[in-house]
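Notes follow once the structure below has been shown.
The values are calculated or read from the model by the stated rules, or taken from the named source; none is laboratory data. All figures in this text were calculated on a predicted structure; none of them were measured in a lab. Positions of Cβ are backbone-derived with ideal geometry, glycine not excepted, and every protein chain shown enters the neighbour counts. To get the accessible areas, we keep the full protein, side chains included, count just its heavy atoms, and leave off ligands, DNA and RNA. Shrake-Rupley method; radii C 1.70, N 1.55, O 1.52, S 1.80 Å.
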Amino acid sequence: MKSLRLLYHRAISDRHNARVLSPYATPHDHPMLANTPDHARNAVLSRCFYFPKQGMYYARIPKNANSTIAKTLATHAGVHRQDDEGRLAKNIFNRIPTPEQFRDAKKIVFLRDPVVRALSGWKDKGFGKSFLRRFKFAGDEVTPPTFLQFLQALEANHFYTNAHFLPQVELIPGTLSDYKVYVIEDLEAGLREICEEVFGRYDGLTQNIPAGPGRNPPATRSGTRKWP
């Protein structure tokens with residue numbers, strides 16, 4: 001069950017986004033999507049992550065440590081008591097910028113080795129029952145695909161227009177040269193630079209760990225994490 005706090009912020013963001021998109025015949029007509037392939041526009045719009053006070057836009061890409069990045073940035077912007085998956089942060093800052101805001105924004109993105117990202121997607125999605133039923137990676141609804149079958153299915157079906165599978169470049173609206181590009185293989189160094197420049201401090205990565213036997217309580221801590 002979603003918390004009332006999450007639903008509240010989702011409703012605020014939805015209202016804001018509807019107002020920003022109201023001048024256009026369809027949401028896909030927003031100027032920020034001018035260079036975005038049609039099949040990727042829904043994925044980009046649903047993952048907009050904009051800080052209006054700081055004028056910063058983060059191109060949020062699945063399978064690129066985006067939950068930790070979103071939570072860390074949100075913590076530095078003053079959002080606390082976050083959930084482990086980063087849903088609260090993703091909803092609070094799921095703000096579609098106006099064309100002017102997007103034009104003037106400081107833009108950042110974190111990229112990942114594409115083969116490693118695809119491997120992570122295979123491990124995460126290639127064996128799930130719902131994904132097997134929907135995409136039939138190995139030709140039927142029950143057979144888990146090999147990594148090669150997974151890649152072949154993605155290519156044959158144009159990545160299924162799913163944000164977890166789409167090429168990273170298709171999920172970056174605007175012009176890539178306008179972005180400060182970081183890599184998740186050096187995640188903390190990138191976030192340190194961003195937070196010190198934008199928020200004036202760096203308090204470490206926000207990695208909430210569910211409380212339970214043998215586990216630490218949720219915490220904000222510094223350190224390098226190895227991503228699967």
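Things worth noting here:
- Checked across region 87-94, the condition of being open to solvent by less than 20 Å² (accessible area, probe 1.4 Å), basic (K, R) and more than 20 Å from E193 (Cβ to Cβ) holds for no residue.
- Count of residues meeting criterion [within 22 Å of L166 (Cα to Cα) and at pLDDT below 95] in region 69-89: 3
- For region 186-221, the tally of residues that are open to solvent by 40 Å² or more (accessible area, probe 1.4 Å) and at pLDDT 95 or above stands at 9.
- Filter result for F131 (open to solvent by less than 60 Å² (accessible area, probe 1.4 Å) and either part of a helix (DSSP H, G or I) or not aromatic (F, W, Y) (or both)): yes
- Note on region 51-64: among residues that are open to solvent by 10 Å² or more (accessible area, probe 1.4 Å) and at pLDDT 95 or above, the one that is nearest to S22 (Cα to Cα) is P52.
- Close Cβ contacts (under 8 Å, 6 or more residues apart or on different chains) running from residues in region 139-163 that are farther than 28 Å from A59 by Cβ to residues that are aromatic (F, W, Y) and open to solvent by 70 Å² or more (accessible area, probe 1.4 Å) comprise P144/F127.
- Some residue of region 17-37 being open to solvent by 10 Å² or more (accessible area, probe 1.4 Å), touching a helix residue (DSSP H, G or I) at 6+ places or on another chain (Cβ under 7 Å) and among the charged types (D, E, K, R): no
- Residue within region 104-114 that is part of a helix (DSSP H, G or I) and in contact (Cβ under 8 Å) with a residue 60 or more places away in the chain present: no
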